[in-house]
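The next block holds one structure in the form of structure tokens; read it before the comments.
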Amino acid sequence: MTTHPDPTEASERALSYPEFRRFYIGAVCGTNGGWISRILMAWLAWDLTGSATFVGLIALTSLLPVALFGPIFGTMIDRMSARVAFQRTALALLAIPLVFAVLLGLGWLTAVPLFFLSLAFGIIMSAYHPVRQSLGPRLVERPAIGSVVALAALNFNIGRLLAPALGGAMIAEFGTFATAFLGIALAVPNAVIAPTLKPREDDHSSHGAMLEDLKAGFRAVWDRWAIRRSILLAVAALGLIRGIAEILALVADGIFEQGATGLGFLTSAVGGGALVAAVFQVVAGNRLVRNRPLRFAVIWVGFAGVLGLVHAPSFLWTLIPGALVGFSSTFVGVSLQIGVQARLEDAMRGRVMSIWMLANTASTALLAFGLSLLTEWLGLPVSTTLAVALAGVAVIVLWIMPPER
């Protein structure tokens, strides 16, 4: 068992805990590797088929499994060693870029294998998300949980800023095989570090049937209005903002014909805005949880960014709204998640946070796919404008409801 400081004297800085520092090193490498794989899949979906619907389908298959299987994996994680769960998911995440590289090297990667590889990636990520969201807080004391969430967002968004641009440039200059090999290299550290971690572990002997444990997770969300409202607000506000970020190929190349390089730079612009929000949250800490008016304003900044992406007069003008999309999605998502995590006991983290991921990922995936389908009929600008109007109404309805009751 890891020795932590006395809870009454525990640091609020997650990086002051040696166990968490090792975990964070692996997470930084793994996050960048995951973004490399995602930009590669997004580009190949467009390059192989030229179909907006297939681009949306690949986004759906890489995200929707998190919603479908996340609560099941979250329940399993609450019933087993967090360290063992992390070791297994780290190895599975290493397998994805390995298979990717083999298929590319043999010339077998067509649309059908790409679909199944994207689906496998999504299923593995449906296990990884509740594992990391359960493991990180177990490596620190409760005062540092907000720091864990903020640092996770910082890592995610540094990756979103740097990795897509690097991936797009590598695809353009060196080809898809070299890009896949970089994904392999970045997945290795997590697999090496995972066995060295010793998080707090619960007594799993008291667990009942798995279905009952799963139901308990959903009851915990339903019975705690503050958690339920945070999840509903995340769906209404972030589903569209994050959904448009999943189909940026339709903006970068579908509208402005900028190819893989344009996709990489636009994705990095989104990541740049998100990085600014993440750095701000690391500095400001848990005070953001209480600032409801600021969060509401940032939601509307995100909606403005979504409209700016699809109505921009030129590709250069998409970079600013892209940054606004990234800033809004991270600021709102992290501040809501800090509030949820702060209200949870360790024994419920896997289940409740997997439900958080279910709601967020399902809304993102379905809106990304829905927008791609409507694009074939109405075009991306009109489809997106209609979606912003509907999402805005939902946010207003939720916002006027009290945060506690």
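Nothing in this text is a laboratory measurement; each read-out follows from the coordinates by a stated rule. The shown structure was predicted, so the numbers you read here are calculated from the model rather than taken from an experiment. As a convention, Cβ positions derive from the backbone with ideal geometry for all residues, glycine included, and neighbour counts pool all protein chains shown.
When the chain is described by a simple charge dipole with +1 on each Lys and Arg Cβ and -1 on each Asp and Glu Cβ, the residue from Leu135, Ser62, Thr375 located farthest towards its positive end is Leu135. Note on the chain: with charges restricted to the Cβ of Lys and Arg (+1) and Asp and Glu (-1), its dipole about the Cα centre is near 780 debye. Oblate is the label for the chain. Its Cα gyration tensor axes, ordered a ≥ b ≥ c, give a/c of at least 1.5 and b/c at or above a/b. Sorted fewest first by neighbouring Cβ atoms within 10 angstrom, Val131, Val276 come out as Val276, Val131.
Each of Gly122, Val102, Phe156 was placed along the dipole of the chain (beta-carbon charges, centred on the mean Cα), and the one lying farthest toward the positive end is Phe156.
Near Asn291, no amide H atom lies under 5 Å from its own; only residues 5 or more places off or on other chains count, and H is placed 1.01 Å from N.
If one computes the Cα centroid of the stretch 111-166 and of the stretch 220-257, what distance in Å separates the two points? The distance from the Cα centre of the stretch 111-166 to that of the stretch 220-257 comes to 16 Å.
Going by the alpha-carbon gyration tensor, a ≥ b ≥ c the square roots of its eigenvalues, is the stretch 142-181 rounded (a/c under 1.5) or, if a/c is not under 1.5, prolate (a/b greater than b/c) versus oblate? It is prolate, given that a/c is not under 1.5 and a/b is the larger ratio.
Phi angles across the stretch 39-49 convert, under the Karplus curve 6.51 cos²θ - 1.76 cosθ + 1.60 with θ = phi - 60°, into 3J(HN,Hα) values of 5, 5, 5, 4, 5, 5, 4, 6, 5, 6, 10 Hz, Gly and Pro given as x. Normalising the average separation of contacting C-alpha pairs (under 8 angstrom, six or more residues apart) by the number of residues puts the relative contact order of the chain at 29 percent.
Could you calculate the FRET efficiency of Phe256 with Leu294 from 1/(1 + (r/R0)^6), where r is the beta carbon distance between them and R0 is 41 Å, rounded to 0.05? Here the calculated transfer efficiency is 0.80.
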